[in-house]
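> Below is a structure I'd like to ask you about.
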Amino acid sequence: MTMAENTIQEENRKSLNFIEQKIENDLAEGLNGGRVQTRFPPEPNGYLHIGHAKAICLDFGIAGQYNGLCNLRFDDTNPTKEEVEYVDAIQEDIKWLGFQWANVYYASDYFRQLYDFAVRLIQSGNAYVDEQTAEQIAAQKGTPSQPGTDSPFRNRPAEESLDLFRRMNEGEFEEGSMILRAKIDMASPNMHFRDPIIYRIIKHPHHRTGARWKVYPMYDFAHGQSDYFEGVTHSLCTLEFEVHRPLYDRFIDLLVEEVNKSGDGFERNKVYDGNYRPFQTEFNRLNLTYTVMSKRKLLQLVKEKMVSGWDDPRMPTICGYRRRGFTPSSIRNFIRMIGYTKYDGTIDVAQLEHAVREDLNATAKRVAAVINPIRLVITNYPEEQVELFDSVNNPEDLSAGAHQIAFSRELYIEAEDFMEEAPKKYFRLTLGQEVRLRCAYIIKCTGYKKNEAGEVTEVYAEYDPETKSGMPGSNRKIKGTIHWVSVRHAIPAEVRLYDRLFRVENPSDEKETDFRELLNPDSLKVLTNCFVEEELKNARPYDHFQFQRIGYFNVDPDSRQDHPVFNRTVSLKDTWNKVKGI
């Protein structure tokens, strides 16, 4: 290998994140036969949010990067909170982000193996049935600096625990009356080792298994074992699970011991030898400013109708971002930009908005829309005349071509593009001042009309026919250019201006305040008297556009042929940091 090749290889190694570096080392050591297999394991108890997108990009991205596979596995161990609706939505979101799983599995696929494993733990003296209340168990746990105390049921004979565990599953006992605990070490400095609960009674029907099971495994017991049953090599979790890793490893060790001892009862593992085992690695979760990620809080917003649903464009859910007009590539680029570390922090949501601006700037068609209209009458333009002007679809991509926009005597312009008494550096319409109408002519303001409330309703101007775009007269230097829509050709539309859902930067840190009191009252403004150009008459839901000089918008699913609805994805520039003086 040449010196240059050595240098390139070293630079590539330096650019690896810590997860990729670990995988490179594992592969070099030949762990797990040189395989890379990951999984994305959501609980189907709600819709995925932007934090899940970070995990999705990692789990599927790592598998693709190392020619491995990534399974989708639903952690469906709590039937009281899980629904098929969420299962379907999760699959839709993953596909929309641009990923495809190798297989779909469920923790419930392994209920028999998990139950059998629990039985073996009881038989080997590593688990027991406890009849104490949740409060008693919590009191006996001790503190990080003080050891816990043994349960009075800790030394219960295995035969007795086996009988009770079987009867728990047959529905003989009420919820909360008994649990199954792993017997580890009540004096361990790791609180998770102090005889953790591994099974509890739940008598709610399961969305897949119905009433077959009355006992359900806890996450710490089901997760690692499910990884093992599937052949996962790298179990990637967020940092809050770092303290759970020793317990993950202990249960895996016990499971491997049982598999190697008996060789039966764990069918999915027969293809693996005794050297196989998964390894857990943790990375920082995604926290965004002006956002809450708690599923409980998001569900509360939905149930209390503070938002229109899980896909409300103000929600941090993936379906909410989709409806608002974010693109899969913008979210993937954002995740790539922020990277993965071992330290939690909060990312400015402006970075996510920057990512979608960059993406839409390169891809979105430019169109004319007026969202706060007043009428402009060009008094010297022929009354019945209509001209068609070429409008470039995207100046960043000239291969996207152009479309034509109709021009006539009466136009709609933005109300903010006219002022009766304008300051010195106001370069739009005011009495006696010239502006350029985008793609068309230079005009001079000659007057205006007000209604009884004193509001300007019409502006009058004269055009210079020698200044048509492309003619020699159009080269005159004019400081102001405004956009417009022909009144005769305009399509009425509803425009929804979305903004950040919370008015404070870190709503989750405001412990003394109900998070609902921190909602931004201006997070949604609905404008019903808007007009867009004819080019948008056949726009379809989720189509993206740049409304010139206003922002990026997409077509909402509520849109109809006779009533188009557009959502603002983001403004053209970051207005929040400008307001804050940044």
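The values are calculated or read from the model by the stated rules, or taken from the named source; none is laboratory data. Computed from a predicted model, the values in this text were never measured in an experiment. Because the Cβ atoms are built from the backbone with ideal geometry, glycine has one as well, and the counts that use them run over all protein chains shown. The protein model used for the area step is the full one, side chains on, heavy atoms only, and it has no ligands, DNA or RNA in it. Shrake-Rupley method; radii C 1.70, N 1.55, O 1.52, S 1.80 Å.
Each row is one residue, and each column tells you yes or no for (1) assigned to a helix (DSSP H, G or I); (2) crowded, with 19+ Cβ neighbours inside 10 Å; (3) at pLDDT 95 or above; (4) polar (S, T, N, Q).
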| residue | (1), (2), (3), (4) |
| --- | --- |
| 257 | yes, no, no, no |
| 264 | no, no, no, no |
| 290 | no, yes, yes, no |
| 293 | no, no, no, no |
| 305 | no, no, yes, no |
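> Something else about it: Of the conditions (1) under 17 Å from residue 222 (Cβ atoms); (2) in a loop (DSSP other than H, G, I, E, B), residue 181 clears all except one; give me its number.
(2)
> Let me ask something additional. For the range 408-445, name all the residues that are among the small types (Gly, Ala, Ser) and in contact with a strand residue (DSSP E or B) (Cβ under 6 Å, 6 or more places away or on another chain).
408, 415, 440, listed by residue number.
Conditions (1) more than 15 Å from residue 232 (Cα to Cα); (2) touching a residue at least 24 places away in the same chain (Cβ under 8 Å); (3) under 22 Å from the mean Cα position of the chain (by Cα), marked per residue:
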site	(1), (2), (3)
38	no, yes, yes
50	yes, yes, yes
55	yes, yes, yes
68	no, yes, no
72	no, yes, yes
76	yes, yes, yes
113	yes, yes, no
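> Under the condition of being surrounded by 12 or more Cβ atoms within 10 Å (Cβ to Cβ) and charged (D, E, K, R), which residue from the range 467-478 is farthest from the chain's Cα centre (by Cα)?
The residue in question is 476.
> Now, a different point. Just to be sure before I move on: is residue 32 in a strand (DSSP E or B) and either out of contact with any Leu (no Cβ under 7 Å at 6 or more places or on another chain) or modelled with pLDDT of 95 or more (or both) in the structure I sent?
In short, no.
> In addition: Taking strands (runs of 3 or more DSSP E) that fall entirely within the range 479-582, which contain at least 2 residues that are open to solvent by 80 Å² or more (accessible area, probe 1.4 Å)?
Answer list for the range 479-582: 524-532.
> Here's another thing I want to ask about it. Go through the range 445-461 and give me each residue that's loosely packed, with under 15 Cβ neighbours inside 10 Å and part of a strand (DSSP E or B).
447, 449, 450, 457
> Provide a single number: the residues in the range 109-136 that are open to solvent by 10 Å² or more (accessible area, probe 1.4 Å) and in a helix (DSSP H, G or I).
11
> Another question about this same structure. Would you pick out the residues in the range 390-408 that are open to solvent by less than 50 Å² (accessible area, probe 1.4 Å), closer than 20 Å to residue 471 by Cα and not polar (S, T, N, Q)?
403, 405, 406, 407
> Tell me yes or no: at least one residue of the range 231-253 is without any contact (Cβ under 8 Å) to a residue 40 or more places away in the chain, over 26 Å from residue 341 (Cα atoms), outside any helix (DSSP H, G or I) and open to solvent by 60 Å² or more (accessible area, probe 1.4 Å).
Checked the range 231-253: no residue is without any contact (Cβ under 8 Å) to a residue 40 or more places away in the chain, over 26 Å from residue 341 (Cα atoms), outside any helix (DSSP H, G or I) and open to solvent by 60 Å² or more (accessible area, probe 1.4 Å).
> If I filter the range 426-444 down to residues being without any contact (Cβ under 8 Å) to a residue 24 or more places away in the chain and in contact with an Asp or Glu (Cβ under 9 Å, 6 or more places away or on another chain), which single residue comes out as least open to solvent (accessible area, probe 1.4 Å)?
430
> With surrounded by fewer than 22 Cβ atoms within 10 Å (Cβ to Cβ) and either under 30 Å from residue 63 (Cα atoms) or among the aromatic types (Phe, Trp, Tyr) (or both) as the only criterion, which of 228, 219 stands out?
219
> Another question, then. Name the residue that is modelled with the highest pLDDT, counting only residues in the range 139-159 that are assigned to a helix (DSSP H, G or I) and surrounded by 11 or more Cβ atoms within 10 Å (Cβ to Cβ).
Here the answer is 158.
> While we're on this one: Specify the residue that is surrounded by the fewest Cβ atoms within 10 Å (Cβ to Cβ); the eligible residues are those in the range 160-209 that are acidic (Asp, Glu) and closer than 25 Å to residue 106 by Cβ.
Step by step, filter the range 160-209, then rank; the result is 170.
> For the range 307-325, how many residues are touching a strand residue (DSSP E or B) at 6+ places or on another chain (Cβ under 6 Å) and open to solvent by 10 Å² or more (accessible area, probe 1.4 Å)?
3
> Which condition from (1) at pLDDT 95 or above; (2) over 19 Å from residue 229 (Cβ atoms) is the one that residue 46 breaks?
(1)
> Any chance the range 498-511 includes a residue that's farther than 28 Å from residue 442 by Cβ, modelled with pLDDT of 95 or more and in contact with a Cys (Cβ under 8 Å, 6 or more places away or on another chain)?
Scanning the range 498-511 turns up no residue that is farther than 28 Å from residue 442 by Cβ, modelled with pLDDT of 95 or more and in contact with a Cys (Cβ under 8 Å, 6 or more places away or on another chain).
> Would you confirm, using the coordinates I've provided, whether residue 326 is closer than 28 Å to residue 397 by Cβ and assigned to a loop (DSSP other than H, G, I, E, B)?
So residue 326 passes the test.
> Just to be sure I understand the filter: pairs with C-beta atoms under 6 Å, separated by 6 or more residues or on different chains, first member in the range 316-336 and more than 13 Å from residue 93 (Cα to Cα) and aliphatic (A, V, I, L, M), second member assigned to a helix (DSSP H, G or I) and open to solvent by less than 10 Å² (accessible area, probe 1.4 Å). Which pairs pass?
So the pair list comes out as 335/54.
> Being touching a strand residue (DSSP E or B) at 6+ places or on another chain (Cβ under 6 Å) and among the aromatic types (Phe, Trp, Tyr) is the filter; apply it to the range 48-102 and report the residue that is nearest to residue 285 (Cα to Cα).
Going through the qualifying residues, I end up with 60.
> Being assigned to a helix (DSSP H, G or I), in contact (Cβ under 8 Å) with a residue 40 or more places away in the chain and either among the acidic types (Asp, Glu) or touching a Phe, Trp or Tyr at 6+ places or on another chain (Cβ under 6 Å) (or both) is the filter here; which residues of the range 88-108 pass it?
Residues satisfying the conditions are 89, 92, 93.
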